[in-house]
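Data block below; observations after.
The values are calculated or read from the model by the stated rules, or taken from the named source; none is laboratory data. Since this is a predicted model, take the numbers as computed values, not measurements. Neighbour counts run over all protein chains shown; Cβ positions are idealised from the backbone, glycine included.
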Amino acid sequence: MSLRFTLFLTVLSLCLASLVATAQDATQTTTQPTAQDAAKNALAVELLEITESRKLVDQMIPQVKTQMKTMFRQMLGNQQLDEDLLVVFDKYSERMVDLLKQEMRWEKLEPHYVQIYVDVFSEDELRDLIAFYRTPLGQKMLEKMPQIMQASLAISQQQMRDILPQIQSLGVEMATEMQAVKAQRKSE
């Protein structure tokens, strides 16, 4: 296994650990709605329904799967995987996607999304947003949003491809410096 691939796996593990820690922290800090917030919560739920947020979340997983596979392959660089390694690669890619599907389901996310909307918008603002999304322009916005998101994602992916060599170089530098620090510790 190349140093570059090992570094990639380390970075990916740290990113996933950070995501899990952030999600756990959000779970711990999110409070249950009070009776006074019932109307506001209902408006937030209605807004999420009108904007088809569940559908957007459901569409996210296949995109993440494609991104992960692309990212893994980019991290491998020109290195070709033997068939047996490709099987392992595909197996773990699928396991990661299964984990995402399990943990990023709408049923788990919706209460958090509702809380975000309740925290960010006033009751009047939620009403105005609902009214907007019921208009022809609001419906057009919802219709075009997947195209906007896909174009935004393509830009982000291109930016990542452009800086990937620099990130890889920094990873190699970091690993080299860490090895030097370990070697210095051993010699002391």
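Report yes if some residue within the range 135-151 is at pLDDT below 85, surrounded by 14 or more Cβ atoms within 10 Å (Cβ to Cβ) and either charged (D, E, K, R) or assigned to a helix (DSSP H, G or I) (or both); otherwise report no. Yes, the range 135-151 has at least one match. Contact annotation: residue pairs with Cβ atoms under 8 Å, 6 or more positions apart or on different chains, pairing a residue in the range 161-188 that is surrounded by 10 or more Cβ atoms within 10 Å (Cβ to Cβ) with a partner that is polar (S, T, N, Q), are Arg161/Gln74; Leu164/Gln74. Assessment of the range 110-123 against the conditions (in a helix (DSSP H, G or I) and loosely packed, with under 10 Cβ neighbours inside 10 Å) yields no matching residue. Among residues of the range 114-135 that are more than 12 Å from Glu46 (Cα to Cα), those with a Cβ under 7 angstrom from a residue that is among the β-branched types (Val, Ile, Thr) and surrounded by 14 or more Cβ atoms within 10 Å (Cβ to Cβ), sequence gap 6+ or separate chain, pair up as Gln115/Thr30. Under the condition of being among the charged types (D, E, K, R) and farther than 30 Å from Leu142 by Cβ, the residues counted in the range 73-130 number 8. Yes or no: Leu76 at pLDDT below 80 and either of a type outside the set (Gly, Ala, Ser) or exposed (fewer than 15 other Cβ atoms within 10 Å of the Cβ) (or both)? Yes; evaluated as a whole, the condition is true for this residue. Remark: Thr176 falls outside the filter, which requires a residue to be under 30 Å from Ala39 (Cβ atoms) and out of contact with any helix residue (DSSP H, G or I) (no Cβ under 7 Å at 6 or more places or on another chain). Scan the range 33-42 and tell me whether some residue there is of a type in the set (Ser, Thr, Tyr), more than 30 Å from Met141 (Cα to Cα), at pLDDT below 75 and part of a helix (DSSP H, G or I). No, there is no match, as no residue in the range 33-42 is of a type in the set (Ser, Thr, Tyr), more than 30 Å from Met141 (Cα to Cα), at pLDDT below 75 and part of a helix (DSSP H, G or I). For the range 47-90, filtered to residues that are in a loop (DSSP other than H, G, I, E, B) and acidic (Asp, Glu), the residue that is nearest to Ile116 (Cα to Cα) is Glu52.
Within the range 91-105, the residues that satisfy the criterion of being part of a helix (DSSP H, G or I), under 23 Å from Val57 (Cα atoms) and not hydrophobic (A, V, I, L, M, F, W, C) are Tyr92, Ser93, Glu94, Arg95, Asp98, Lys101, Gln102, Glu103.
Number of residues in the range 39-79 that are over 30 Å from Val172 (Cβ atoms) and without any contact (Cβ under 8 Å) to a residue 60 or more places away in the chain equals 9.
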